[in-house]
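Novice: Here it is, the structure in full.
The values are calculated or read from the model by the stated rules, or taken from the named source; none is laboratory data. Quantities reported herein were computed from a predicted structural model and do not represent experimental measurements. Glycine gets a Cβ as well: all are built from the backbone with ideal geometry, and neighbour counts include every protein chain shown. For accessibility, only protein heavy atoms count, side chains too; no ligands or nucleic acids. Shrake-Rupley method; radii C 1.70, N 1.55, O 1.52, S 1.80 Å.
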Amino acid sequence: MARSPIADFLTAPATVPILDVRAPAEYAQGHIPGALSLPLFSNDERARIGTTYKQVNPDKAVLLGLDFFGPKLRTLVEQAKQLAPSQAVRLHCWRGGMRSGAVQWLLELAGFQVNLLDHGYKDYRRWAGAEFARLRPLYIVGGYTGSGKTEVLHALAAQGQPVLDLEGLAHHKGSSFGSLGQPAQPTQEQFENNLAAALGALPADQPVWVEDESRSIGSLHIPTPLFDQMQAAPLLALDVPRAARVPKLALEYGRHDAGALASAILRLRKRLGGLVTKEALAAIADNDMNTMVDLVLTYYDKTYAHTMASAPTGRLTVPVPAVDTDGVANAALVLAAAATLPQTVL
């Protein structure tokens, strides 16, 4: 029975699917990116086995597990063949113990080639934590709301620069309006799993471009070791005129439902104040997106200015003047600014 350490398990050919035999609720909470669910036990069965283990004894729990396992033998093999027609799979459970061992035995009996993850999904979580703590050179792209920072990252990626898109991974753009047009956010655990996989795929010998973010992105938070590195990294701060940012945001927000926009405004009510909130809601009702954005941008600009003023002591910040929000043009500007930095700051 082949067992692989996490590094070998993750670098196996992508044509060999990962099968996660944990219960559906465990998989939904967080799983290795790309893994497919092949649960040995249902959520209820897993709970009953756990209760028996704690309240009766381990032997009774094993026997109960076998009672559940027996009738599923054929179904599990058939499901595995659908998920992996080549009959070569990578397999794991939580700790690399009895659940994955039982399914490995069954699939090998059915002719599968099985690569079992030693220490299971728990080892992936340890690996993810190590990825967040690994020191790597970073460039942070900052700037006021509406500067087009995400477009700059996309332009850099198109040029072959290593990019970490935190907002893309979080399914959120980081403001009260950040969930508009986005899929539901993943769980914190799944966000971390996806983030670790993205970090692991980046080259170790080149600076990675990341958008300046607060610790939280919507309901999710950036793992502390990575966030601390971001706070210490050089900040290339786009300085885009407000007159260019307002129409960009108005066009972006104008595509969304008026009710969703009003909800975003109401979430900011305490920060905007009663009068500005009333005026912004009226602008939405009149489909006057420029006025709505202009009102809200005053709050966001003040917040960003305060954040910049309270930046960590000694952090290198390089202003990057830009005439508009063109992502390709501004990517060239931040690349040129980065080229002037001494390598000792990375």
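Novice: Which members of segment 1-35 meet the condition of being of a type in the set (Phe, Trp, Tyr) and open to solvent by less than 40 Å² (accessible area, probe 1.4 Å)?
Specialist: To start, the set of residues in segment 1-35 that are of a type in the set (Phe, Trp, Tyr) comprises 9, 27.
Selection gives 9 alone.
Novice: Within segment 49-84, which residues are without any contact (Cβ under 8 Å) to a residue 40 or more places away in the chain, surrounded by 15 or more Cβ atoms within 10 Å (Cβ to Cβ) and small (Gly, Ala, Ser)?
Specialist: Within segment 49-84, 61, 65 meet the criteria.
Novice: Answer yes if at least one residue in segment 271-278 is modelled with pLDDT under 90, assigned to a loop (DSSP other than H, G, I, E, B) and not aliphatic (A, V, I, L, M), and no otherwise. Full working, then the answer.
Specialist: Just the residues of segment 271-278 that are modelled with pLDDT under 90, to begin with: none.
No: segment 271-278 contains no residue that is modelled with pLDDT under 90, assigned to a loop (DSSP other than H, G, I, E, B) and not aliphatic (A, V, I, L, M).
Novice: To continue, here is another question. Which of the residues that make up segment 125-169 are part of a helix (DSSP H, G or I), more than 17 Å from residue 206 (Cβ to Cβ), open to solvent by less than 20 Å² (accessible area, probe 1.4 Å) and out of contact with any helix residue (DSSP H, G or I) (no Cβ under 6 Å at 6 or more places or on another chain)?
Specialist: Passing the criteria: 166, 167.
Novice: I've got another one for you. Which of (1) outside any loop (DSSP other than H, G, I, E, B); (2) open to solvent by 60 Å² or more (accessible area, probe 1.4 Å); (3) in contact (Cβ under 8 Å) with a residue 24 or more places away in the chain; (4) within 21 Å of residue 129 (Cα to Cα) is the odd one out, the single condition residue 214 does not satisfy?
Specialist: Against the list (1) outside any loop (DSSP other than H, G, I, E, B); (2) open to solvent by 60 Å² or more (accessible area, probe 1.4 Å); (3) in contact (Cβ under 8 Å) with a residue 24 or more places away in the chain; (4) within 21 Å of residue 129 (Cα to Cα), residue 214 comes up short only on (1).
Novice: Let me ask you something else. Does segment 181-201 include one or more residues that are of a type in the set (Phe, Trp, Tyr) and in contact with a strand residue (DSSP E or B) (Cβ under 7 Å, 6 or more places away or on another chain)? Lay out the reasoning, then the answer.
Specialist: Here is the first cut: in segment 181-201, the ones of a type in the set (Phe, Trp, Tyr) are 191.
If we keep only those that are in contact with a strand residue (DSSP E or B) (Cβ under 7 Å, 6 or more places away or on another chain) too, we end up with 191.
Yes: one or more hits.
Novice: Find all pairs meeting these conditions: Cβ atoms under 7 angstrom apart; at least six residues apart or on different chains; first residue within segment 217-228 and under 13 Å from residue 175 (Cα atoms); second residue in a loop (DSSP other than H, G, I, E, B) and hydroxyl-bearing (Ser, Thr, Tyr).
Specialist: 218/179
Novice: For segment 223-250, enumerate the residues that are closer than 14 Å to residue 137 by Cβ and in contact with a His (Cβ under 9 Å, 6 or more places away or on another chain).
Specialist: Correct list: empty.
Novice: Now a separate question. Restricting attention to segment 18-67, report how many residues are within 19 Å of residue 110 (Cβ to Cβ) and either assigned to a helix (DSSP H, G or I) or at pLDDT below 95 (or both).
Specialist: 1
Novice: Answer yes or no: is there a residue in segment 264-283 that is within 21 Å of residue 143 (Cα to Cα), in contact with a Ser or Thr (Cβ under 9 Å, 6 or more places away or on another chain) and open to solvent by 60 Å² or more (accessible area, probe 1.4 Å).
Specialist: The answer is yes; a qualifying residue exists.
Novice: Could you grab me the full set of residues in segment 303-346 that are of a type in the set (Ser, Thr, Tyr), closer than 13 Å to residue 236 by Cα and part of a loop (DSSP other than H, G, I, E, B)?
Specialist: Hit for segment 303-346 is 340, nothing else.
Novice: Considering each of 249, 236, 202 in turn, give the residue that is open to solvent by 30 Å² or more (accessible area, probe 1.4 Å), of a type in the set (A, V, I, L, M) and touching a residue at least 40 places away in the same chain (Cβ under 8 Å). Talk me through it step by step, then tell me what you get.
Specialist: Working: 249 fails: open to solvent by 30 Å² or more (accessible area, probe 1.4 Å); 236 fails: open to solvent by 30 Å² or more (accessible area, probe 1.4 Å).
Step by step, each of 249, 236, 202 is checked, and only 202 is open to solvent by 30 Å² or more (accessible area, probe 1.4 Å), of a type in the set (A, V, I, L, M) and touching a residue at least 40 places away in the same chain (Cβ under 8 Å).
Novice: Could you figure out which of (1) touching a helix residue (DSSP H, G or I) at 6+ places or on another chain (Cβ under 6 Å); (2) basic (Lys, Arg); (3) modelled with pLDDT of 95 or more isn't true of residue 173?
Specialist: Condition not satisfied by residue 173: (3).
Novice: Sort through 305, 322, 329, 337 and tell me the only one that's open to solvent by less than 60 Å² (accessible area, probe 1.4 Å) and under 24 Å from residue 136 (Cα atoms).
Specialist: Just a single option satisfies the conditions, and that option is 337.
Novice: Look at residue 9 and say whether it is of a type in the set (Phe, Trp, Tyr) and either within 19 Å of residue 90 (Cα to Cα) or in contact with a Leu (Cβ under 6 Å, 6 or more places away or on another chain) (or both). Quick ask: steps written out before the conclusion?
Specialist: Details: of a type in the set (Phe, Trp, Tyr): yes; either within 19 Å of residue 90 (Cα to Cα) or in contact with a Leu (Cβ under 6 Å, 6 or more places away or on another chain) (or both): yes.
Taking the combined requirement at face value, the residue satisfies it.
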